[in-house]
Amino acid sequence: MLERVPATARKTILGDDSEDGSLLVVAIAGLTLVATILTFLFTPAYALPMLAVFVAVTAVGWVTYQAEIARLLTLVATVSTVLTVGFITAFLFSSAFPAFVEHGLGLLIIPEGQWFFGLDAVLPVDESYWNPSNDVYSLLPMMWATVIVTVIAIAVAGPLGLFGALFISEVASDRMREFIKPGVEILAGIPSIVYGFIGFQVLNGFIQTSFLDEGASFLIAGIVVGIMALPTVVSVGEDSLSSVPSSMKDGSVAIGATQWQTMKSISIPAAFSGISAAIILGIGRAVGETMAVAAIMAAGVGLANPLFDVFDASATLTSLIATQYGSASESTIDVLFVAGVILFVIVGTMSVASQYIEQQMKKKLKGQQ
Amino acid sequence: MSEGYATENALVQEESDLYDRGLDAAIALTVVSFVLGMITLVKVVGLATSGGALTNFFVTLLAVVIGGVGVVGVFSWAGVIDITSQRVRGIALGGIVDLVVLTALVTVLDVTLATVLGLLLVAQAAIVALAGLASRFELVDTAPNMSAGLLAGGAFGALGLLVGAAVGGTLVGFDSMLWILVALAVGAGLLILTILPREDVGSTLPTALLVGLLGLVVATATIGVGWEWNPNALSGGFTGGAVIPTFVLFGSLLSNWAAAKCRAGFGAPGRQYGAFFVINLNAFMMVSVMATIVVFVTVKGIGYAFHGFTIGAPAALVVLLPLLVLAVNWARKPAGTDAWRTGARQLVRVLPLALVGSLAAVVASVSIRGSALTYPFTYTVQVNRQPKVLDTGISVTPDPTVGALLLTFSALLLFAYFGRAYGTLRGVGRDPSWVDTVKQGVALSVAAMAVLTVVFAVLSPSPFGLPLGGTVGLVVVVLGAVVAGGLSVAAVATPLRGGAGTSLGEGLHDYAQTVVIGLSGALALLTAVVFLEPTAGVNPSVGPADLVPIVALLTAVASVGVSVSAGHARRSAAELRRRVLGEEAVFGLATAAGALALLGVHVAATGANFTVVGLTVGTKGSFSWPMTMQSYVPLGAEPGGILPAIVGTVWLVVGATLFAVPLGVGAAVFLTEYAEQGAFTSLVEIATNALWSTPSVVFGLFGAAFLIPRLGGDRSLLAGMLVLGFMLLPLVLITSREAILAVPDEYRDASAALGVTKWETIRSVVLPAAMPGVITGVILGVGRIAGETAPLILVLGSTLNSSEPIAVLDGFTFTAAPPFVGNPALLAETASLPTQIWAVIAAGVSGSPSMGWATAFILLMVVLAFYAVGIVSRTFFRRKLNYE
């Protein structure tokens, strides 16, 4: 078994039929690249000269064994994508580790006198829950703020997004679709800071007159984030609705069903898992949204009281990082990395889950299952 | 009764009866109140409006509807468009009738808008209830099902719970638990009322009850304009200003659904009609939200963004040239066959052209009158935390200077356009023996001049102390320019002279080869000369004027001459010759554009202005746009602009693209062409998805932890580039992979069958075929990262009012110690568009909101432009791929 490893590796790197002598060039190029990455990790000053060496070796190889070097380069590109994810994970976790060790459950302090699902039996309760000068950090208020904002956002984006997806995939004429689909894409392209600026300048005034609030609130932030997550839900939902084979819809129409009956009884059930994937992805977007939330709600930290008070305001996990990082002390930064780890894990899980659901659905619709 | 499936076909038209008309009017009424709900929600018109103001508002609304319906009606009556559906006609007429009645009502009665909205809801409820009862008692011919269905029942049950809770809470208070009983009772009641009776009652009565209740609450001012509910438990509360529009939006959506169901006679068609109305209204709302956001930012920011915008009239004409060509191209498209439609479409086709023409005439009149045309407006700046209004304006001045860069840019666009439009003239007309000699001569001299250019560029104009640039260079430049001039004169003179008894068309046809070789040779020589000039440091002049631009102008004039005479001769030529002459005209236009571009390059490279008949092509043009061309001016009379932020964003995008595109495309090639599906590819897929979905702020954290310590320890442009590159990577990878997968396997097979190796196939078959898709993906990805803010705050910082654009190109320094090459500019903080907006927010009261709006406007335009270009190119290439 083991003796096959070098052969497999050689095949992966060089392909099936390689010229003799190419091995040497490719090996040198590969080694210099590994050396470059290592120097960048440990002695960054020497990374640039090392990179120059790699480029030189590759240039020589390009002239002599172009096919092999090209293959190596594409492999390198692939591996660096994986490496990037690896580095992100490794550096996030290692930077957050000190805070985990130091604070432990202290990161989940429940403010005194507040009900939090009866968890005060398990989690520490204290009057001060966010006080960098005393080294007290609780991420619980931000986590709860993220939950509130996400729930409001999905309440906006879910139904509207579903209807929008139905409109684009089933109702709109071809011509209309040609305009609306790019329109939705463009809506997704409006930078979040622009939403944030609108929220900061206009909506905060609106909520003071219309909702008797002093200023920023979860409600407004949630609605804005919902509008931002809407295009994601629409386009993923629309994708899954249009991937329902037309033979299924045709069959339904052929037995005399109206379009709405087809939609309700054929398309939506068949694409159900795809639509749920769209909503999961929308949740992921809402959780990860930073600038709009940071601009609308200031950097204040506090657990909503009572928990369902949508007119309260507090930083979410993302906006906490964005607003606090610049002025944070060493220990605060560690805690911010914990927030980053939480976000990374939650959103990553959601993304992988939605991808999995979508794949399963496509397999099923193709009859492979 | 209802016309069944008569939506498009005139054959099955049928007259509507009173029931149909009434319901069409009701549907129109629900749409009107839905729109009113949206308008009042965003407070365009206050709920407390009454009296004359309210009448005015409704008269305006009436005018809008009459105008819209009227225009469509006129065209429909004239047979230009087909509106045969009785439903569409009914709703349009119903809308007019509704609004006339409403306008009359608000004129007679003294009520507020809130009351009107309440009455609207009550009226809708009444109509819906009446329609349902009429159907139940068989007064009209409908086809209801046995029940409205569980879906509707469930929805009404849930609504009933909510309403019951609200009503119960208000009547008995939330303190006693009685409100839960009320809620349950109402919910169950509505559920039963929906499910048990026949469909016509089951879907109208609950609707009427709910909408009627909402309407009564609003109409009786139980929840009025000044109503407030501020529960102790919450930090905020509800006011009539927010609650009433919500009620109206919701209620009209509900009655819209019910009325549409009634209109289509219940049963399966009824459900279809009802559901489609709700879906369409929802889509309408989404589109309006989107349009509102873009329009709102534009309105808020455009004034500040264009303060002090000035352009000279000739420069404006130069900018209009490419637009003119586009408009002509649009107008040339065929306009259909049917007489009426052709008329209407031709109007649409020529409108842009006419618009460009009038604009050009207005601009030209500025030059002739000699006085500037100004559109004055005011904008607000922040001085000492106080807003201060400044006067400014957009003006077109009679300044005769055209900037060299502007000219070059415009001319290059035209050159590219005509170059693409031009086919070939090979083998047309006579083929004199000297053509090949001239070709070789031009190629040789261009090559020689290129060598000289490189020599001078590397060694300086006077290598080893010998003044070669001033002597050899000068002679070569003069010779090249003179020969180029001769060639272009020959190109136009030979065919025009023709032979005895030959027409203009024949001359142009026979001497086509002379035209082609003359004009393209002149262009090639001029290009070489223009690049040789600055490196040799010479600029020969004839009398007061410079030689090279004169020749360039001469070539342009000669080309236009060829083009115009070919166009003229084409009018009276036979079919085949028409084509040849058409090609020749396009060729002439292309070389004219090329020559003008070279003129611009000459001025920009030598720095010497060129003046002819009062017009000047100058290094510094008459175009001034302070917002994008100036840095912030502290304590100045005018605030200046955001040039540093724009430059910063440009560098960020360039850096990220340089980093991510090779990696992304390479990985895509490996995954699709080399790798076998297996554990490794699925690992890569998971990694890509993880990268794609990771929140942007986490990328910022990663950059701060990983990159910054390794890149000098401080926030820097380079770190920003790399972080954005990491974010761009998955976008490029996913789209490139899709594009490469979309290349048909036949391509690969055909290449392999020819004995081409795998890598050669990838390089010369797969990648070129996939390139459009890859480029589109990159453009869309760039559009997305250009507006990214959160990671930049962490790794780039947010600079407000930066007064110096970052100079990356000048910043490279070489050192003896590693890393040997340094660039302080890359390792410094800089401004960028998104972080600038964040800086305005973070600055609180000292930030200038109007500057923030203007920055947001420009950022939005940049991002939308990327998206527009990406989407258009994708559509274009997709169509091309599908047709092939």
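The table that follows gives values for the structure above.
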item	result
Only one of A:Ala188, A:Ala165, A:Ala145 that is open to solvent by 50 Å² or more (accessible area, probe 1.4 Å), within 14 Å of chain B (Cβ to nearest Cβ) and in a helix (DSSP H, G or I)	A:Ala188
Which listed residue, of B:Leu683, B:Leu733, is surrounded by 24 or more Cβ atoms within 10 Å (Cβ to Cβ) and not small (Gly, Ala, Ser)	B:Leu733
Condition check for B:Leu794: open to solvent by less than 40 Å² (accessible area, probe 1.4 Å) and within 30 Å of B:Ala839 (Cβ to Cβ)	yes
Cβ-Cβ under 8 Å pairs, at least 6 apart or on other chains, the stretch A:226-250 side away from every other protein chain (no Cβ under 11 Å), far side surrounded by fewer than 24 Cβ atoms within 10 Å (Cβ to Cβ) and among the basic types (Lys, Arg)	A:Ser235/A:Lys181; A:Glu238/A:Lys181; A:Ser243/A:Lys362
Residue within the stretch B:311-330 that is open to solvent by 20 Å² or more (accessible area, probe 1.4 Å), within 12 Å of chain A (Cβ to nearest Cβ) and in contact (Cβ under 8 Å) with a residue 40 or more places away in the chain present	no
Some residue of the stretch B:860-871 being within 26 Å of A:Met297 (Cβ to Cβ), under 30 Å from the mean Cα position of the chain (by Cα) and either surrounded by 24 or more Cβ atoms within 10 Å (Cβ to Cβ) or within 8 Å of another protein chain (Cβ to nearest Cβ) (or both)	yes
Filtered residues of the stretch A:294-320 (kept if open to solvent by less than 10 Å² (accessible area, probe 1.4 Å) and of a type outside the set (A, V, I, L, M))	A:Asp309, A:Phe311, A:Ser314, A:Thr316, A:Thr318, A:Ser319
Search result, residues across the stretch A:321-347 that are open to solvent by less than 20 Å² (accessible area, probe 1.4 Å) and either more than 7 Å from every other protein chain (Cβ to nearest Cβ) or free of Cβ contacts under 8 Å to residues at least 40 places away in the same chain (or both)	A:Ile321, A:Ala322, A:Thr332, A:Val335, A:Leu336, A:Val338, A:Ala339, A:Val341
The stretch B:574-620, subset touching a Phe, Trp or Tyr at 6+ places or on another chain (Cβ under 8 Å) and either of a type in the set (Asp, Glu) or open to solvent by 50 Å² or more (accessible area, probe 1.4 Å) (or both), residue nearest to B:Leu405 (Cα to Cα)	B:Leu589
Condition broken by B:Asn280, with the remaining ones in (1) open to solvent by less than 40 Å² (accessible area, probe 1.4 Å); (2) over 23 Å from the mean Cα position of the chain (by Cα) satisfied	(1)
Residues within the stretch A:29-74 that are open to solvent by 50 Å² or more (accessible area, probe 1.4 Å), part of a helix (DSSP H, G or I) and either of a type in the set (Val, Ile, Thr) or more than 13 Å from chain B (Cβ to nearest Cβ) (or both), tallied	10
Condition check for B:Arg430: modelled with pLDDT under 80 and under 24 Å from B:Tyr511 (Cα atoms)	yes
Any hit, the stretch B:736-743, residues being more than 10 Å from every other protein chain (Cβ to nearest Cβ), of a type in the set (Lys, Arg), farther than 16 Å from A:Gly340 by Cβ and open to solvent by 10 Å² or more (accessible area, probe 1.4 Å)	yes
Residue within the stretch A:210-222 that is open to solvent by 40 Å² or more (accessible area, probe 1.4 Å), assigned to a helix (DSSP H, G or I) and either farther than 28 Å from B:Pro269 by Cβ or basic (Lys, Arg) (or both) present	no
Candidate set: the stretch B:749-764, residues that are within 37 Å of the chain's Cα centre (by Cα) and open to solvent by less than 40 Å² (accessible area, probe 1.4 Å); chosen: the one farthest from B:Leu652 (Cα to Cα)	B:Thr761
Which listed residue is more than 9 Å from every other protein chain (Cβ to nearest Cβ) and of a type in the set (Gly, Ala, Ser), from B:Gly251, B:Gly241	B:Gly251
One residue from B:Ala63, B:Ala25 being of a type outside the set (D, E, K, R), touching a Gly at 6+ places or on another chain (Cβ under 9 Å) and assigned by TED's automatic domain parsing to the domain that holds B:Val111	B:Ala25
Near pairs, Cβ below 6 angstrom, 6+ apart or cross-chain, from the stretch B:764-792 (assigned by TED's automatic domain parsing to the domain that holds B:Ser751 and assigned to a helix (DSSP H, G or I)) to any residue that is small (Gly, Ala, Ser) and modelled with pLDDT under 85	B:Thr776/B:Ser873; B:Gly783/A:Gly189
Residue in the stretch B:260-270 that is open to solvent by 10 Å² or more (accessible area, probe 1.4 Å), in a helix (DSSP H, G or I) and within 7 Å of chain A (Cβ to nearest Cβ) present	yes
Selection within the stretch A:111-142 - in contact with a Leu (Cβ under 8 Å, 6 or more places away or on another chain) and not in a loop (DSSP other than H, G, I, E, B)	A:Pro111, A:Tyr137, A:Leu140, A:Pro141, A:Met142
Hey, A:Ser265 polar (S, T, N, Q) and within 19 Å of A:Ile168 (Cα to Cα) or not	yes
Answer from B:Ala131, B:Ala78 - the residue that is open to solvent by less than 10 Å² (accessible area, probe 1.4 Å), assigned by TED's automatic domain parsing to the domain that holds B:Leu254, farther than 30 Å from B:Val45 by Cα and not polar (S, T, N, Q)	B:Ala131
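Residue-wise test of (1) open to solvent by 30 Å² or more (accessible area, probe 1.4 Å); (2) charged (D, E, K, R); (3) under 32 Å from the mean Cα position of the chain (by Cα).
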residue	(1), (2), (3)
B:Gly37	no, no, yes
B:Gly52	yes, no, no
B:Phe58	no, no, no
B:Ile83	yes, no, yes
B:Val88	yes, no, yes
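Every residue, every condition in (1) under 46 Å from the mean Cα position of the chain (by Cα); (2) in the same structural domain as B:Thr49 (by TED's automatic domain parsing), yes or no:
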{"site": "B:Ala158", "(1), (2)": "yes, no"}
{"site": "B:Leu161", "(1), (2)": "yes, no"}
{"site": "B:Gly164", "(1), (2)": "no, no"}
{"site": "B:Met177", "(1), (2)": "no, no"}
{"site": "B:Val182", "(1), (2)": "no, no"}
{"site": "B:Val186", "(1), (2)": "no, no"}
{"site": "B:Leu190", "(1), (2)": "no, no"}
{"site": "B:Val201", "(1), (2)": "no, yes"}
{"site": "B:Thr220", "(1), (2)": "no, yes"}
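One line per residue, one yes/no per condition, for (1) within 30 Å of B:Gln382 (Cα to Cα); (2) in a helix (DSSP H, G or I):
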position: B:Thr628; (1), (2): yes, yes
position: B:Pro634; (1), (2): yes, no
position: B:Pro644; (1), (2): yes, yes
position: B:Gly648; (1), (2): yes, yes
position: B:Trp651; (1), (2): yes, yes
position: B:Thr657; (1), (2): no, yes
position: B:Pro662; (1), (2): no, yes
position: B:Val665; (1), (2): no, yes
position: B:Ala668; (1), (2): no, yes
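The values are calculated or read from the model by the stated rules, or taken from the named source; none is laboratory data. Every value quoted in this text rests on a predicted model; they were computed, and no experiment measured them. Please note: Cβ atoms are built from the backbone with ideal geometry, for glycine as well, and neighbour counts cover all protein chains shown. These accessible areas exclude ligands, DNA and RNA; they are computed on the full protein's heavy atoms, side chains included. Shrake-Rupley method; radii C 1.70, N 1.55, O 1.52, S 1.80 Å.
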